[in-house]
Amino acid sequence: MSLIDLSGSLLFIAFIAYLVATLFFGGAIKGTKQDASKSNKNWGKIAITITIIGFIANLGYFITRWIYAGHAPVSNMFEFTTAFGMFVVGAFILIYFIYRLPALGLFALPIAILIIAYASMFPKEVTPLIPALKSYWLTIHVITAAIGESILSISAVAGLIYLMKNVDTTKRTKSSIWLEIVMYAVVLVLGFVIVTTTFKAIGYEADFSYVDKNGAQQEITYNTPALFGMHQYELKSSGKMEPLAEMPAIVNAKKLTTVVWSVIFGTVLYGLIRLILRKPICRVVQPLTKRVNSQLLDEIGYRSVLIGFPVFTLGALIFAMIWAQEAWSRFWGWDPKEVWALITWLFYAAFLHLRLSKGWQGEKSAWLAVVGFAIIMFNLVAVNLVIAGLHSYAG
Amino acid sequence: MNKITCECGHVNPEGTHLCEKCGRPLTEEDKKQKIVDMKYEGSAIRSKTYNKTIIDKIWNFFSSVKVGVTIIIVTLIVAAVGTFLPQVVYVNVADGEDVKQAYVDSYGTFGKIYYNLGLTDIYSSWWFQTLIGMLAISIIVASLDRGIPLYKSLKNQRVKRHESFMKRQRIFGQKEMPSAEADESLDLADKKMKELKYNVRREENALLAEKGRFARLGPYVNHLGLIIFLFGVMLRLMPGFYIDEDLWIREGETESIPGMEGYYLHSNKFTFQTYEKGEQTKEFNQSKAAVNSVAKNYQTDVVLYKAKDSAIAGDTENLKKIKKSAIKVNEPLKYNGYGLYQMDFRLNELKAMHFDLVNKKTGKSLGEVTIDLADPKKVYKIDDQTKVELKGYYPTFSGFDNGEPQSESPIPNNPAFIFKMYTPETPKGETSFVAIKQTLEPLGTTKYKMKFASIDTRNVSGLTVRKDKTLPILALGGIIFMIGVVMGSYWSHRRLWLQKTADGRLIMAAHTNKNWFSLKKDLNAVTDFAHLPAWIDQQDEDDLKKKQENEKEGDHNL
């Protein structure tokens, strides 16, 4: 078995381990009593052990791929997102050993699983580094930033559990509606994964030629049936679906098609779930959070921001500036990715000030943590894939 | 100033909430609260005390956390809006094209609105800069407003606090205890807390164990770092602190370096490499991407020279070699605080054109003429009677205007020439206009022509010359910020108060600025060890429930 195959297998093992561990964390929170029973504790012990095994396998993936590629595997969308998912698990393990809260695992692991699943929808080839990325700062900057973001994400996980526990979902309040929207967003990601995997399994490929923004003739391959055609497209493959509409040159119709397919699939999926459950998803999830202490959740949410914020500052701003000075001759250039790192940083700075001085604790703080995660995700997904900038090679 | 005198006799400055000495709540409002507000230790905050003069009002405005957070949020939103479309610096505007038109062409009406609103250069707009300036003022004012009183009151805090202070702490417990037992408890607690690395102080019947006080100063330290950083950024506007120049240098040329007086750069070679097929199969799996070539290296091999002290400006003959270097992306040439960065390139720029002077009828050549496009000569002599005069040179020929040939730029992208050819056969000379794939004979048909033979090309490197004297200040600001933020985030200020009361009780209270869970772990350890009263967290729902249940049980017992 070659190193790259081994690397892939290790990632798969980690993925499965996280799934299994999630179930065990489920066992660790069963019951009705306030204090954890002995059986709960045993389930919890098994769950964290499996999580750690998975994490070690995940690290194994990272290291073997690093050796194979000759550079830290954080240089494209697949690699970075996978690493981010891995660090989310790492951050969870860290916080778990401070607070020993199994409910956290029940929510953090599925999120990590979804992130890794999302990552594997992108091309997995080991790509050689372009000159701009050839620097040891790639390793230092990207890994530190990803670790910072993943610790901050745990805050959102704690916030989500807090909201699940404390928002009254039987009433139609702003909070309960937004909470259900969060659930819907999670299902949409699932929709994306299912759409992409399905068409990949079928082997769907449709080649098009089109005219780009600068008037040059280009080629593109769609992996899903084209809903939208690129600017002045022409279908090259036979027997494939003709696009329903043509897009102007500044819109990447291929990505738009994927997004629309994901939304359609996700929405259908969400509708089916609602049909089967006959109630909002959050009301089904809610009982899982019954036994958790809100005060503790609030502290975990705050603590993870406290731990993550300095790491994020160091990785996403300070190391980023040092590298930018080396590579681009200026430490700051208002490139979209830089700006979004600054936005994330400003947001968490506001979070800390609101909490410290304005006493925004509990529900408000939990919502802020969830919004912070949304910003991190926006920076990962939208800024890489939609907004063009110096960092767009990451797509 | 209206001083507030506490029941204990201590005189506090106006605006104090908790007596500096004993901790008694001083205002009616504070007395009503179940748990006292421990922010800034209840000390007098200027912005919360005075609000009369204009200065007070400005001070209060900037010291307000609400205002500070609002500025942060507004900055955040404005910054986000600036990423909707590429900023002006990242847009390639062709020579002569209007920037606005470029946005309209690419993004239509939205691009037009975006440009008209000034969002295409948002980060250098005066109002964005003002926003950052306000943020800086807010940081300074708020830090002075709260940091100093907090520091003072922490420094002067007493061991013994009044019971009303302790009761209003989040963590509180009490039990009746004989005096001797209580003394023993105090001794044991003293020992245990020292084991847990707390600083323990005792006074009469009271004990204060404290840990991590410096964490409270973290926010003020990191604010100081930010201010130094922003100061450094502002300093760049001062002349001499910051140099940012572009240098286009052709292979084989020696150019004086803009912004770096007395220094010259010679380019030996520019290299652009892509990954080879072989390298790709090793690293790539079978994929479509593998077909495309991926850039591997951009590199300019240069020699840096310094003019000798005696040299006149522009004299490139007398240069002292300083160093040879290969400038690559991520590997700038650094010298004396200056950096030369590989930023751009042009491949195969025309360097010279070779022509043959040919008799149109016979096709016989009288000789070759080589025109150096960067430095064309006036006359090219072939022999005594044969020569070619260069009457006009248009590096980027763009057409005629009133019969005059026009050139768009000084870079030889599309060279055109007006030649006057002298041969033994045509001693008066013949005029010919020669451009690529185009020959005109404006003054009548000629017997001879300049026949294009071949071209020489060379690569051009686009370098950036940068000097930034503010970097050490920025680095200092960054380091101080990190120290402060780590101090404030990774440590917490924990305190435990114990007191033996005159009526035979042992009371305890504890406070931390964050991480209550960790404080409780410490408290659990010391409570068992030193037989302290069972305490509860007066903010914890579960604890409160237990407390209520206990009280109910108590009712039954009665």
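With a 1.4 Å probe rolled over the protein heavy atoms of all chains, the accessible area of B:303, A:263 falls in the order A:263, B:303, largest first. Between residue B:368 and residue B:404, the modelled labels are 3.6 nm apart [label points 7 Å from Cα along Cα→Cβ]. The angle separating the long axis of helix B:65-81 from the principal Cα axis of greatest extent in chain B is about 30 degrees. Evaluated with a Cβ-only charge set (Lys, Arg +1; Asp, Glu -1), chain B carries a dipole of roughly 860 debye about its Cα centre, given to the nearest 20. Positive end of the dipole of chain B (Cβ unit charges, origin at the Cα centre): among B:256, B:539, B:390, the Cα lying farthest that way belongs to B:539.
Where does each of B:61, B:481 land when they are ordered by accessible area, with a 1.4 Å probe and the largest first?
Details: B:61 95, B:481 15 Å².
Listed by decreasing accessible area, they come as B:61, B:481.
Estimated from the Cβ-Cβ distance and a Förster radius of 41 angstrom, the FRET efficiency linking residue B:187 and residue B:155 is about 0.90.
In terms of distances greater than 18 angstrom between alpha carbons, the cross-link table entries B:321/B:351; B:21/B:167; A:255/B:112 yield B:321/B:351; A:255/B:112.
Oblate is the label for the range A:124-244, because the ratio a/c of its alpha-carbon gyration tensor axes (a ≥ b ≥ c) is 1.5 or higher and a/b is not greater than b/c.
Please say if the protein assembly as shown is rounded, prolate or oblate, where rounded means a/c under 1.5 for a ≥ b ≥ c the square roots of the C-alpha gyration tensor eigenvalues, and otherwise the choice is prolate for a/b larger than b/c and oblate otherwise? Spell out each step's value before the answer.
Details: a/c = 2.79, a/b = 1.88, b/c = 1.49.
Prolate.
Per residue, the protein assembly as shown exposes 48 Å² of solvent-accessible protein surface, assessed with a 1.4 angstrom probe and all protein chains in place.
Placing a pseudo-label 7 Å from each Cα along the Cα-to-Cβ vector at residue A:93 and residue B:246 gives an inter-label distance of 5.0 nm. Ignoring aspartates and glutamates fewer than eight residues from residue B:428 along the same chain, the ones with Cα atoms less than 16 angstrom from its Cα are B:383, B:384, B:389, B:441. Neighbouring Cβ atoms from other chains, within 10 Å of the Cβ of residues in B:509-522, number 2 on average.
Interface A/B, total buried accessible area with a 1.4 Å probe, nearest 100 Å²?
On the way: alone 18890 and 32530 Å², together 45980 Å².
Buried area between the two chains comes out at roughly 5400 Å².
Residue A:267 contributes an accessible area of around 60 Å² to the protein surface, as traced by a 1.4 Å probe with all chains present. Approximating the spin labels as points 7 Å out from Cα along Cα→Cβ, the residue B:11-to-residue B:549 distance works out to 5.3 nm.
When the solvent-accessible surface of protein heavy atoms is calculated with a 1.4 angstrom probe, in what order do B:227, B:483, A:95 fall, highest first?
Solvent-accessible surface, decreasing: B:483, B:227, A:95.
Looking only at the range B:128-144, which residues have a backbone nitrogen under 16 Å from a spot 7 Å from the Cα of residue B:67 in the C-beta direction? Only B:130-144 pass the distance filter. Among the listed pairs A:30/A:358; B:52/B:514; B:520/B:545, those with a Cα-Cα distance over 26 Å are A:30/A:358; B:52/B:514.
Phi angles of the range B:460-469 translate, via the Karplus equation with coefficients 6.51, -1.76, 1.60 and θ = phi - 60°, into HN-Hα couplings of 10, 9, x, 10, 10, 9, 9, 9, 9, 6 Hz per residue; Gly and Pro are given as x.
Past the 21 Å Cα-Cα mark, which pairs from B:360/B:387; A:171/A:364; B:39/B:175?
Numbers: B:360/B:387 17 Å; A:171/A:364 18 Å; B:39/B:175 28 Å.
From B:360/B:387; A:171/A:364; B:39/B:175, over 21 Å: B:39/B:175.
Using the Cα centre of the range B:45-155 as origin and beta-carbon charges of +1 (Lys, Arg) and -1 (Asp, Glu), tell me which of B:49, B:117, B:89 is placed farthest towards the positive end of the dipole. Working it through, the farthest residue towards the positive pole turns out to be B:49. Within the straight-line cut-off of under 24 Å between alpha carbons, the lysines reachable from residue B:320 are B:269, B:306, B:308, B:328, B:334, B:467, sequence neighbours fewer than 8 places apart in one chain being disregarded.
Magnitude of the charge dipole for the protein assembly as shown, about its Cα centre and with charges confined to Cβ atoms of Lys, Arg (+1) and Asp, Glu (-1), is about 2380 debye. When you work out D = kT/(6 pi eta Rh) for the range A:250-330 at 10 °C and 1.306 mPa s, using the Kirkwood radius from C-alpha pairs as Rh and the Stokes-Einstein form, the result is 89 µm²/s.
Charged neighbours of residue B:347, selected by a Cβ distance under 14 Å, balance to +1 (K, R count +1; D, E count -1). Phi angles across the range A:117-134 convert, under the Karplus curve 6.51 cos²θ - 1.76 cosθ + 1.60 with θ = phi - 60°, into 3J(HN,Hα) values of 4, 4, 4, 6, 7, 8, x, 9, 4, 7, 9, x, 7, 6, x, 4, 8, 7 Hz, Gly and Pro given as x.
How big is the charge dipole of the range A:76-226 about its Cα centre, in debye rounded to the nearest 20, if each Lys and Arg gets +1 on its Cβ and each Asp and Glu gets -1 on its Cβ?
Details: 9 positive and 9 negative charges, 130 e Å.
So the dipole magnitude of the range A:76-226 works out to roughly 620 debye.
Looking at B:154, B:143, B:102, which one has the Cα that reaches farthest to the positive end of the dipole of the range B:1-156 (charges on Cβ: Lys, Arg +1; Asp, Glu -1)? Projecting each Cα onto the dipole axis, the largest value belongs to B:154. Restricting the calculation to Cα atoms, every distinct pair contributes to the Kirkwood radius of chain B, found to be 32.3 Å.
The values are calculated or read from the model by the stated rules, or taken from the named source; none is laboratory data. In this text the structure is predicted, and so the values were computed from the model without any measurement. Every residue, glycine as well, gets a Cβ built from its backbone with ideal geometry; the counts of neighbours run over all protein chains shown. Note: accessible area is taken over every heavy atom of the protein model, side chains too, but ligands, DNA and RNA are not part of it. Shrake-Rupley method; radii C 1.70, N 1.55, O 1.52, S 1.80 Å.
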